[in-house]
Amino acid sequence: MSTDKFYTTREKAGTHDTMTPLLQAMYTEFKELSKKKPDSAVSKSKIKIVNRLLERVKTVLSDEESIEFLDMLDEDDVPQASDVTLILSQYVAAMDAFRGKHYGWDGSNHAWFIK
């Protein structure tokens, strides 16, 4: 087990804690929709809502290697529910990796490793 600590900022840790439940909820909703109707088109208003959340999540992940693989949804392309689910799953995985890298046992508590 590695004892290396990778530090982050208080702002990124706070944004992570705020955005993760929202991201998880959105991913769960689209996953369920995708199971029922994977080919269904997603409305522009929903795409705007998803992208607004993803933009905020990207601020947390801005210094991570995964950032280059995290795409936004194209409002003009009218993605299908399965496309949205795929993109959201990548963000969920990246946020999980961020937490695994920057959160852990500090010797007395589980906490974010803050600069």
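Are any residues in the stretch 47-62 of a type in the set (D, E, K, R) and in contact (Cβ under 8 Å) with a residue 12 or more places away in the chain, and if so, which ones? Scanning the stretch 47-62 gives 48, 55, 56, 58. Residues in the stretch 15-35 include at least one that is in a helix (DSSP H, G or I), surrounded by fewer than 16 Cβ atoms within 10 Å (Cβ to Cβ) and in contact with a Phe, Trp or Tyr (Cβ under 9 Å, 6 or more places away or on another chain). The set of residues in the stretch 63-82 being in contact (Cβ under 8 Å) with a residue 24 or more places away in the chain, farther than 19 Å from residue 12 by Cβ and part of a helix (DSSP H, G or I) consists of 75, 81, 82. Of the candidates 5, 46, the single residue that is of a type in the set (Lys, Arg) and modelled with pLDDT under 95 is 5.
Residues that are touching a His at 6+ places or on another chain (Cβ under 9 Å) and closer than 15 Å to residue 89 by Cα within the stretch 37-60 comprise just one, 57.
The values are calculated or read from the model by the stated rules, or taken from the named source; none is laboratory data. Computed from a predicted structure; not experimentally measured. Here Cβ is always computed from backbone atoms with ideal geometry, including for glycine, and neighbour counts include all displayed protein chains.
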